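Peer 1: Following this message is one structure expressed as structure tokens.
What follows draws every value from the coordinates through simple rules; no lab data is involved. This is a predicted model, so every value here is computed, not measured. Ideal geometry is used to build each Cβ from the backbone, glycine not excepted, and the neighbour counts take in all protein chains shown.
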Amino acid sequence: MSTRSNPAAATEVPRLEDKTIQPIPLNERHGKARDLFTIWFGSNIMIMTIVTGGLATTVFGLSFVPAIVGIILGNVVGGVFMALHSAQGPQLGVAQMIQTRGQFGSFGALLIVVIVVIMYVGFFAANLVFGGEAMAAVSPGISVDTGIIIIGVVSVVATIYGYRLIHAYARILSVVAGLALLLAFVWVLSVHGLPATFLDQGNFNWVGFMGTISVSALWQLAYAPYVSDYSRYMPKGTGSTPAFWASYSGCVLGTLFPMILGALVGTLAVTMSSDASNVDIVGSLGALLGPWTLAVVGIFCLGVAASNAMNLYCGVLCSLTIGQTFRPTWMPRAKTRSIGAVVLFAFALLIALFARDNFIVFYTNFLSFLMYVLVPWTAINLVDYYLLRHGDYRVEDFFKRDGGVYGRFNWVAIWSYVAGALIQVPFTSTAIYTGPLAAAMGGVDISWIVGLAVVAPLYYFSARTFRKSSEAEPIPAPVLATDLI
């Protein structure tokens, strides 16, 4: 029975979430599509989003107008993939990495899950550094290391309590952080003002422009491996279309405006710095806000804690997924999630404390790495869900050691993934390596576009050719990506 006709259903889910990676029963489903808007809108308004937007006008050297165009294009395009993953949650009721077993097999999925755990720890560490620096900048009595620990502890507590607390936290932030963001724009533009040479700073270059689009798109794509973790409790009758648009609008709007603020701050900071690549976005924002620095940056730090709680929560779910692969009868609960949260926090804390001095370099390279490994997976997952199986999976088989109808290894998906990663190499342009085709284009990196264009049709036609006859047939009323947009 749908929880929409059962008002008590929402109260059946305990405040301390007892579920982890197991399927969510229909009588414990709760919430509405608008909850997906607030969790993605509120959690994105934070320091790290602002710093990422600032890369466009500092590290990439763009002037303000092309920086904004690149930020908009990247978010609008990347948000489509993120939201298509989110729409899977109400239908299947399981975490995204559990569902990935339906494409890669029970053991084959470990390739992706391990990479995703590394991603979560990396983002967690990055959030700790930027959040700690922000707290130190606005509170002279707090050191960067102390700020890192404070934000980390808040994130661990939210992870221990789980799904409901994280959603509630994001709802509050949607209002509070949204107003703080509005105040920041008004103060910088109206009170501080823009110099006459504002639009003359920086320049247009294809390397920087494509870099800005890529980083912005990646921000959205980076949510893909866990976005349905936050929609899996939604009633099955929520519908794919409402889930898609609520997630898309929340994440794109919640990311777009903080990134634009970052680009704005970066441009103003460059006018006062001889080295644009070493501009401190957080410190510059604080200087521009004047008397509002403590309040506004402090609220953005609350956003860091919310985002980090989401990273840590899903990192723990992925870690538990790895363990459950080898022990199919093991269904961990809240206590195990709590222990996992502390362990992953410890790893991220070590990275943050020892690498924080050169973290902007690490962060930029880290974003490039994620683009190359996430793009093939997202193409395979979406093609499989929307075009091949039409949302029809045997959820119980996800938890079988032999993978049920999906097997231990789906070599079609695995080799398509490897091919997708390799095809991007010649088009790669990073500080560590530049591929020959990227070099021929003057350093312009279009690797992720090539990856999507190659992997999607490669997997689609290969899977149609080699799909096992024992697997489930599509349901009569398919869920198509085109129906959502």
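Peer 1: Please name which of Ser139, Phe104, Met259 has its Cα lying farthest along the dipole of segment 34-370 towards the positive end, using unit charges on Cβ (Lys, Arg +1; Asp, Glu -1) and the Cα centre as origin.
Peer 2: It is Phe104, whose Cα lies furthest towards the positive end.
Peer 1: Related question: Can you order the peptides 336-346, 207-217 by their average number of other Cβ atoms within 10 Å per residue, highest first? Present the calculation step by step, with values, prior to reporting the outcome.
Peer 2: Numbers: 336-346: 18.4, 207-217: 24.3.
So the order, starting with the most tightly packed, is 207-217, 336-346.
Peer 1: Just how many % of Cα pairs in segment 85-128 lie over 16 Å apart, if you round to the nearest whole percent?
Peer 2: On the way: 457 of 946 pairs.
Percent of Cα pairs beyond 16 Å in segment 85-128: 48.
Peer 1: How big is D for segment 369-474, in µm² s⁻¹ as a whole number, if Stokes-Einstein is applied with the Kirkwood radius of its Cα pairs at 37 °C and 0.692 mPa s? It would help to have the intermediate numbers written out before the result.
Peer 2: On the way: Rh = 15.0 Å.
In µm²/s, the coefficient rounds to 219.
Peer 1: Which net charge results for the neighbourhood of Thr100, defined as the other residues with beta-carbon distances under 15 angstrom from its beta-carbon, given Lys and Arg at +1 and Asp and Glu at -1? Can you show the working numbers first?
Peer 2: Details: positive: Arg101, Arg232, Arg389, Arg394, Lys400, Arg408; negative: Asp229, Asp384, Asp397.
Here the charged neighbours net out to +3.
Peer 1: Then there's this: In the chain, which whole DSSP H runs stretch at least 24 Å along their own axis (Cα) and average -0.5 or higher on the Kyte-Doolittle scale? List each step's numbers first, then the result.
Peer 2: Details: long enough: 64-86 (32 Å, 1.85); 110-138 (42 Å, 2.28); 144-161 (26 Å, 2.08); 163-186 (34 Å, 1.68); 240-270 (44 Å, 1.35); 293-326 (50 Å, 1.47); 334-355 (31 Å, 1.89); 359-382 (33 Å, 1.56); 447-466 (27 Å, 1.17).
Span-like helices, by this rule, are 64-86, 110-138, 144-161, 163-186, 240-270, 293-326, 334-355, 359-382, 447-466.
Peer 1: Let me ask something else. If amide hydrogens are placed 1.01 Å from N in the peptide plane, which non-local residues have theirs closer than 5 Å to the one on His30?
Peer 2: Met234
Peer 1: Per residue, what volume in Å³ does the convex hull of the Cα atoms of segment 299-361 enclose? Display every interim value, and only then the final one.
Peer 2: Numbers: hull volume 6.5 nm³, N = 63.
Spread over its residues, the Cα hull of segment 299-361 gives 103 Å³ apiece.
Peer 1: About its Cα centre, what dipole magnitude does segment 34-370 give when the only charges are +1 on Lys and Arg Cβ and -1 on Asp and Glu Cβ, stated in debye to the nearest 20? Write out the running numbers ahead of the final one.
Peer 2: Details: 11 positive and 8 negative charges, 265 e Å.
Once rounded to the nearest 20, the dipole reads 1280 debye.
Peer 1: Then there's this: Below 27 Å Cα-Cα, how many Lys pairs turn up in the chain? Only count pairs eight or more apart in sequence, or on different chains, if you could.
Peer 2: Values: Lys19/Lys32; Lys19/Lys236; Lys19/Lys335; Lys19/Lys400; Lys32/Lys236; Lys236/Lys400; Lys335/Lys400; Lys400/Lys468.
For the chain, qualifying lysine pairs total 8.
Peer 1: Scan around Thr428 for amide H atoms under 5 Å from its own, H built in the peptide plane at 1.01 Å from N, and keep only partners 5 or more places away or cross-chain.
Peer 2: Gly435, Ala438
Peer 1: Let me ask another. Which Cα, out of Ala83, Asn203, Phe366, lies furthest along the positive dipole direction of segment 34-370 (beta carbon charges, K/R +1, D/E -1)?
Peer 2: Ala83
Peer 1: For segment 393-433 and segment 218-255, what is the separation of their Cα centres, given in Å?
Peer 2: Between the Cα centres of segment 393-433 and segment 218-255 lies a distance of 22 Å.
Peer 1: First check a/c for segment 34-370, with a ≥ b ≥ c the square roots of the eigenvalues of its C-alpha gyration tensor; if it is under 1.5, answer rounded, and if not, answer prolate when a/b is larger than b/c or oblate otherwise. Display every interim value, and only then the final one.
Peer 2: Working: a/c = 1.77, a/b = 1.56, b/c = 1.13.
It comes out prolate by the Cα gyration axes.
Peer 1: In terms of the Cα gyration tensor, with a ≥ b ≥ c the square roots of its eigenvalues, is segment 184-252 rounded because a/c is under 1.5, prolate because a/b exceeds b/c, or oblate? Let's see the in-between values first.
Peer 2: Details: a/c = 4.10, a/b = 1.96, b/c = 2.09.
The shape class here is oblate.
Peer 1: Would you work out if segment 65-159 is rounded, prolate or oblate? Take a ≥ b ≥ c from the square roots of the eigenvalues of the alpha-carbon gyration tensor; rounded if a/c is under 1.5, else prolate when a/b is larger than b/c, oblate otherwise.
Peer 2: Verdict is oblate for segment 65-159.
Peer 1: For the chain, what does the relative contact order come out to in percent, with C-alpha contacts under 8 Å and a separation of six or more? Intermediate results must be reported in sequence, preceding the final value.
Peer 2: Details: 893 pairs, mean separation 142.9, N = 485.
Computed over the chain, the figure is 29 percent.
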